[in-house]
Amino acid sequence: MSDERTQLAFDSIHELAPKIKDGSVSPVDITEIALERTAVLNPKLNAFLDIWHDETLAAATKAERDIADGQYLGPMHGIPIGLKDLVDVAGKVTTGGSKVLQSNIAKNDATITDRLNCAGAISIGKTNLVEFAFGAAGVNPYTGDARNPWDTDKITGGSSSGSGAGVAAGMVYGALGSDTGGSIRMPASLCGIAGLKPTYGRVPRTGVLDLCWSCDHVGPMTRRTADCAHMLNVIAGHDPLDIASSTRPVPDFAADLDKGVDGLRIGVPENYFFDPDIVDPEIAAAVNTAIELLANNGAEIVPVPLDWVSNGRSINMIITLAEATAVHEKMLAYHADDYTPAVRSRIQSALAMPAVDYVRAQRARQAFSVAMAEATKDVDVLATPTVPVRTHTIAECTPAPGEAIADKGAEIPLFTSIFDVTGEPSLSVMCGFDSSNMPIGLMITGHAFDETTVVRVGHAYEELSGWHAQRPPIS
């Protein structure tokens with residue numbers, strides 16, 4: 001592939017959209033580039049489970065014709081994207097990355113699929129994932145492990161593993177992920193891209209497979225924060241078919257992207273997130289350098305005491321285990337042998353969980369969320385590491401023969417899962433590399449339904465630091 005076509009593959013949606021609108025960039029050209037790169041790189045990365053070549057080219061041709069006829073639909077029009085294989089597309093299989101659902105053909109589009117289609121986005125296929133989105137490392141012995149484009153021996157993070165790898169490698173410009181304990185932000189961090197978990201209820205989940213209905217979020221994964229804002233503009237908004245869907249008005253999430261951080265108050269937790277017993281020192285150093293850069297450009301840094309915050313992970317785990325078991329109880333009864341050992345073990349472990357544990361966890365969640373809101377009321381966002389540990393190898397996260405679960409990977413969601421408990425919007429952006437040349441993520445978390453400020457800070461940081469311009473060697 002020529003340098004010019006490679007450059008187009010790594011342009012952002014934010015950069016491409018005005019060129020597509022004025023006709024200087026062709027949707028057909030960038031779709032062909034996406035398909036070419038997918039054909040070459042997918043055998044190495046296993047990012048996609050299914051690719052719809054002919055349908056994709058037909059959609060790109062239609063998009064180009066409609067735009068030329070003056071029917072431009074907005075920044076997502078003509079943009080190739082991937083859909084995590086939890087998201088229904090009518091007439092296509094939604095497997096959830098599991099043998100259990102290998103013949104599960106969707107009757108209808110998910111609400112978010114329909115919204116992306118109506119905005120002119122071009123879905124090229126379904127991305128790989130941890131089975132039923134139930135795992136942090138990104139490994140899946142049924143579909144095969146997605147591989148990190150920065151080092152193919154390393155994990156991508158899960159569960160949105162293929163979405164992270166595909167976006168990072170320039171196979172697509174954006175992808176949908178889901179996040180119950182960090183499954184958008186963890187692969188965003190480990191793959192060096194931007195990943196946004198919106199506020200709980202901001203994006204409807206009709207037509208998306210459940211894992212844990214009270215913690216599940218769906219959101220965008222892209223190379224730039226601005227692109228997350230454009231995707232969120234399309235998929236956000238109330239859906240009466242989803243009882244958890246918020247009726248709040250949807251703003252233009254891209255409206256404040258260029259306002260910078262001058263005058264914003266950025267909270268830095270005094271507890272847990274920078275504990276040297278938990279966080280790798282290279283990660284802590286990179287995140288502190290990122291915070292200093294924001295401070296040098298007008299942000300006020302405010303220490304925030306959160307001496308109770310470590311409880312968040314256990315709350316998240318108890319709720320997730322209980323609800324996932326309820327979701328899978330019937331399927332497990334009939335198809336236990338079709339589950340991979342790790343996921344079957346997790347679900348079965350919760351069958352004996354007392355109901356009172358779930359009730360206590362939900363009560364603790366309420367108190368935890370109130371405490372977080374009170375502790376952060378005087379800051380605009382929190383800045384923390386996304387993931388506390390350096391990127392493991394796939395081998396380290398693969399169970400040994402006879403074992404259900406590997407001993408590596410459990411620490412990856414320690415920070416991200418806290419904001420699945422509170423439901424607040426949370427973004428991971430790249431903020432450097434460790435000494436093994438693997439990406440490090442900065443997590444920016446805001447107040448409920450204030451994604452606009454979160455993406456404003458993320459975009460400002462990218463513009464100041466330039467880390468987003470780095471490309472993985474596999475590209």
Point to revise | Filter result (crowded, with 16+ Cβ neighbours inside 10 Å and either touching a residue at least 40 places away in the same chain (Cβ under 8 Å) or closer than 27 Å to A165 by Cβ (or both)) within the range 56-65 | key: T56, L57, A59, A60, A63
Review point. What about R471, is it under 17 Å from V287 (Cβ atoms), of a type in the set (K, R) and in a loop (DSSP other than H, G, I, E, B)?
Key: no
Practice item. Kindly establish whether T416 is closer than 26 Å to R344 by Cα, touching a Leu at 6+ places or on another chain (Cβ under 7 Å), in a loop (DSSP other than H, G, I, E, B) and β-branched (V, I, T). Key: no
Practice item. Please go through the range 431-470 and pick out each residue that is touching a Gly at 6+ places or on another chain (Cβ under 6 Å) and closer than 22 Å to G201 by Cα. Key: I444, T453, V454
**Study point:** Pairs where the first residue, in the range 10-36, is touching a residue at least 12 places away in the same chain (Cβ under 8 Å) and the second is of a type in the set (F, W, Y) and surrounded by fewer than 20 Cβ atoms within 10 Å (Cβ to Cβ), C-beta under 9 Å, 6+ apart
**Key:** I20/Y72; K21/Y72
Check your understanding: Can you tell me which of I124, I155 is hydrophobic (A, V, I, L, M, F, W, C), more than 15 Å from M186 (Cα to Cα), touching a helix residue (DSSP H, G or I) at 6+ places or on another chain (Cβ under 7 Å) and open to solvent by less than 10 Å² (accessible area, probe 1.4 Å)?
Key -> I124
Review point. When the residues of the range 428-457 are filtered to those that are among the hydroxyl-bearing types (S, T, Y) and part of a loop (DSSP other than H, G, I, E, B), which remaining residue is surrounded by the most Cβ atoms within 10 Å (Cβ to Cβ)?
Key: S436
Practice item. Could you check, for the range 107-116, whether at least one of its residues is among the basic types (K, R) and touching a strand residue (DSSP E or B) at 6+ places or on another chain (Cβ under 9 Å)? Key: no
Practice item. Could you tell me whether C212 is within 12 Å of the chain's Cα centre (by Cα) and open to solvent by less than 10 Å² (accessible area, probe 1.4 Å)? Key: no
Review point. Listed residues G195, G177, G138, G181; which is touching a strand residue (DSSP E or B) at 6+ places or on another chain (Cβ under 9 Å) and within 18 Å of M317 (Cα to Cα)?
Key: G138
Study note, to complete from the structure: By residue number, the members of the range 16-39 that are part of a helix (DSSP H, G or I), buried (at least 16 other Cβ atoms within 10 Å of the Cβ) and not β-branched (V, I, T) are L16, A17, K21, P27, E32, A34, L35, R37
Study note, to complete from the structure: Within the range 137-152, the residues that are under 16 Å from I440 (Cα atoms) and either open to solvent by 10 Å² or more (accessible area, probe 1.4 Å) or under 13 Å from the mean Cα position of the chain (by Cα) (or both) are A137, W150, D151
Check your understanding: Take the residues of the range 220-234 that are in a helix (DSSP H, G or I) and hydrophobic (A, V, I, L, M, F, W, C): which is most open to solvent (accessible area, probe 1.4 Å)?
Key -> V234
Exercise for review: Residue by residue through the range 252-270, note down the ones that are in a loop (DSSP other than H, G, I, E, B), small (G, A, S) and surrounded by 13 or more Cβ atoms within 10 Å (Cβ to Cβ).
Suggested key: A254, A255, G260
Check your understanding: Which members of the range 361-378 meet the condition of being in contact (Cβ under 8 Å) with a residue 12 or more places away in the chain and either open to solvent by less than 10 Å² (accessible area, probe 1.4 Å) or not in a loop (DSSP other than H, G, I, E, B) (or both)?
Key -> A361, Q362, A364, R365, F368, S369, A371, M372, A373, A375, T376
Exercise for review: Only one of these is modelled with pLDDT of 95 or more and either crowded, with 22+ Cβ neighbours inside 10 Å or in contact with a Ser or Thr (Cβ under 9 Å, 6 or more places away or on another chain) (or both): Y339, Y358. Name it.
Suggested key: Y339
Exercise for review: Please go through the range 277-311 and pick out each residue that is under 24 Å from W467 (Cβ atoms), of a type outside the set (S, T, Y) and either without any contact (Cβ under 8 Å) to a residue 24 or more places away in the chain or open to solvent by 80 Å² or more (accessible area, probe 1.4 Å) (or both).
Suggested key: P281, A285, N288, E292, N296, E300
Exercise for review: Name, by its number, the condition in (1) surrounded by fewer than 20 Cβ atoms within 10 Å (Cβ to Cβ); (2) closer than 25 Å to G177 by Cβ; (3) in contact (Cβ under 8 Å) with a residue 24 or more places away in the chain that does not hold for A68.
Suggested key: (2)
Revision key, fill the gap. Expected output for the range 383-409 (first residue on the phi > 0 side of the Ramachandran plot, partner outside any loop (DSSP other than H, G, I, E, B) and modelled with pLDDT of 90 or more, Cβ below 9 Å, 6+ apart or cross-chain) is G409/E396; G409/C397
Exercise for review: Taking only the range 379-413 into account, find how many residues are open to solvent by less than 10 Å² (accessible area, probe 1.4 Å), outside any loop (DSSP other than H, G, I, E, B) and small (G, A, S).
Suggested key: 1
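The values are calculated or read from the model by the stated rules, or taken from the named source; none is laboratory data. Predicted, not measured: the structure shown is a model, and the values here were computed from it. Note: ideal-geometry Cβ built from the backbone for every residue, glycine included; neighbour counts use all protein chains shown. With ligands, DNA and RNA removed, areas are computed over all heavy atoms of the protein, side chains included. Shrake-Rupley method; radii C 1.70, N 1.55, O 1.52, S 1.80 Å.
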